[in-house]
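Working notes, structure below.
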Amino acid sequence: MILDVRTLGEWNEGHVKGAKHVPIDELRDHVMVLAEETAGKTIYVHSKSGYRGHLALRILKEHGFQV
């Protein structure tokens with residue numbers, strides 16, 4: 001699964017087909033649903049420059065995801 005953590009504006013400018021969009025500032029609110037949707041799957045995090053991707057990995061790790 002590709003998890004796109006960019007803003008809605010960035011997402012609307014273009015995104016990877018089939019990616020799941022969860023802006024970084026909403027990720028903590030969606031982490032339980034994300035866990036259910038990705039059980040047994042590899043998650044690839046996509047951001048613009050890598051900074052939000054790094055933050056997303058930290059959030060996922062805090063919630064028990066293997067990173």
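Read the figures in this text as sums done on the coordinates, not as results from a lab. All figures in this text were calculated on a predicted structure; none of them were measured in a lab. Because the Cβ atoms are built from the backbone with ideal geometry, glycine has one as well, and the counts that use them run over all protein chains shown.
Matching residues to (1) touching a Ser or Thr at 6+ places or on another chain (Cβ under 9 Å); (2) in a loop (DSSP other than H, G, I, E, B); (3) without any contact (Cβ under 8 Å) to a residue 12 or more places away in the chain:
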site	(1), (2), (3)
Leu3	yes, no, no
Gly18	no, yes, no
Leu27	no, no, no
His30	no, no, yes
Ala39	no, yes, yes
Thr42	no, yes, no
Leu55	yes, no, no
Arg58	no, no, yes
- Please tell me if Tyr44 is among the aromatic types (Phe, Trp, Tyr), surrounded by fewer than 17 Cβ atoms within 10 Å (Cβ to Cβ) and over 12 Å from the mean Cα position of the chain (by Cα). no
- When restricted to Val22, Val45, the only residue among the hydrophobic types (A, V, I, L, M, F, W, C) and out of contact with any His (no Cβ under 7 Å at 6 or more places or on another chain) is Val45
